[in-house]
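Here's the structure we're looking at; comments come further down.
No value in this document is a laboratory result; all are computed from the given coordinates. If you're wondering where the values come from, they're calculated on a predicted model, not measured in any experiment. Here the Cβ is made from the backbone with ideal geometry for all residues, glycine too, and neighbour counts use every protein chain on show.
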Amino acid sequence: CKRIVIKIGTSSLMLADGSVNYQTIDRLAYVLTVLRNQGKEIVLVSSGAIGVGLNRLNLPHRPKSIPEQQAVASVGQAELMNLYTRFFSHYNQIVGQILMTLDIVQFPESRRNAVNAFEQLLKMGIIPIVNENDAVSVEELDHQTKFGDNDRLSATVAEIISADLLIMLSDVPGFYDKNPTTNPDAVLFHTLHAVTDKEMALAGGNGSKFGTGGMATKLKAAKRILKNKQQMVLTQAADPTVLFDILAGKEIGTYFVK
Ligand code: ADP
């Protein structure tokens, strides 16, 4: 695997009390820098703008109105990139920011421009950090204008830059036959060659306090990855050095492959 997209969810970047998980950010910066120095092309899709924004603005939970959410995302995205820039710079790694909106991939010209930006950053040894542009992109009722969740965004990024592998880092070790958070007897799927209605039915509703995805959006992303004959690993972010093991071919989390 040479070109790898790594997606980290809000639940892994924030602690239960709503503060930022600096340890995870630091370890992620270290591991991704090592992989980059080994010659891998690394793209990071990071959630967390709303979570970090809520923390920065001292708000207990996500505001109801959309404009207020946009303001929180605007503050949080800048703060999040500030954190990444600082932590990555400890390891001498430069990062860039790419904010996506759904229309960018819907129009061939803007899509080509986005791909060019990724290619140039990777060529320069820079790690692009990607998120949806939540400050300006808003869920519409009658037509789709938003990715809506970063699971979908990360599959789209993997698709447009023809990545070899998508690694999703979440707060659970993988995909189980039932929600492991509430069912201690849940059994992990080690490998899946397809995502059908049967698997979709095993993914409970929405995810954590800050997250918007849950398991369903991760399975949908996996389905798309398989359709494109790409590969995906879903595992937990608690210890990002797990990325070394995954790339060493160890059986970790749930591996989606045709
Ligand atoms: P992230 O913030 O990493 O995107 P989410 O919190 O949105 O993560 O989604 C992961 C959550 O999905 C888990 O914490 C778990 O509660 C839930 N979940 C529901 N069904 C399943 C399942 N079958 N296997 C694993 N996790 C599941």
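Looking only at residues that are within 16 Å of the ligand (Cβ to nearest atom) and closer than 14 Å to Leu122 by Cβ in the range 1-43, which one is surrounded by the fewest Cβ atoms within 10 Å (Cβ to Cβ)?
By that ranking, first place goes to Ile6.
Any residue at all in the range 142-163 that is of a type in the set (Val, Ile, Thr), buried (at least 20 other Cβ atoms within 10 Å of the Cβ) and within 12 Å of the ligand (Cβ to nearest atom)?
No, every residue in the range 142-163 fails to be of a type in the set (Val, Ile, Thr), buried (at least 20 other Cβ atoms within 10 Å of the Cβ) and within 12 Å of the ligand (Cβ to nearest atom).
Residue under question is Gln231, and the condition is that it be in contact (Cβ under 8 Å) with a residue 60 or more places away in the chain and more than 12 Å from the ligand (Cβ to nearest atom); does it hold?
Considered against the rule, which asks whether it is in contact (Cβ under 8 Å) with a residue 60 or more places away in the chain and more than 12 Å from the ligand (Cβ to nearest atom), Gln231 comes out as yes.
One residue is enough: does the range 45-52 have a residue meeting the conditions without any contact (Cβ under 8 Å) to a residue 60 or more places away in the chain and closer than 19 Å to Asp171 by Cβ?
Taking every residue of the range 45-52 in turn, at least one turns out to be without any contact (Cβ under 8 Å) to a residue 60 or more places away in the chain and closer than 19 Å to Asp171 by Cβ.
Only residues that are touching a strand residue (DSSP E or B) at 6+ places or on another chain (Cβ under 9 Å) and closer than 15 Å to Thr217 by Cα: list them for the range 177-186, please.
none
Taking the range 230-252 only, how many residues are within 16 Å of the chain's Cα centre (by Cα) and buried (at least 19 other Cβ atoms within 10 Å of the Cβ)? Lay out the reasoning, then the answer.
In the first step, residues of the range 230-252 are kept if they are within 16 Å of the chain's Cα centre (by Cα); the result is 231-240, 242-243.
Subset that is buried (at least 19 other Cβ atoms within 10 Å of the Cβ): 231-237, 240, 242-243.
Qualifying residue count for the region: 10.
List the pairs whose first member sits in the range 67-95 and is free of Cβ contacts under 8 Å to residues at least 12 places away in the same chain, whose second member is not hydroxyl-bearing (Ser, Thr, Tyr), and whose Cβ atoms are under 7 Å apart, counting only residues at least 6 apart or on separate chains?
Close Cβ pairs satisfying both conditions: Thr85/Val95.
Within the range 187-204, restricting attention to residues that are crowded, with 16+ Cβ neighbours inside 10 Å and touching a strand residue (DSSP E or B) at 6+ places or on another chain (Cβ under 6 Å), which residue is nearest to Ser12 (Cα to Cα)?
Selected residue: Phe189.
Regarding the range 105-119, can at least one residue be identified that is among the polar types (S, T, N, Q) and in contact with a strand residue (DSSP E or B) (Cβ under 9 Å, 6 or more places away or on another chain)?
The answer is no; no qualifying residue exists.
Between Arg86, Arg111, Arg62, Arg56, which is over 26 Å from Gln23 (Cα atoms) and charged (D, E, K, R)?
Result of the check over Arg86, Arg111, Arg62, Arg56: Arg111.
Any residue in the range 169-188 that is in contact (Cβ under 8 Å) with a residue 60 or more places away in the chain and within 7 Å of the ligand (Cβ to nearest atom) sitting within a Cβ distance under 9 Å of a residue that is in a loop (DSSP other than H, G, I, E, B) and among the polar types (S, T, N, Q)? List the pairs, counting only those 6 or more apart or interchain.
Sorted first by the residue in the range 169-188, then by its partner, the pairs are Asp171/Thr181; Asp171/Ser208; Val172/Asn179; Val172/Thr181.
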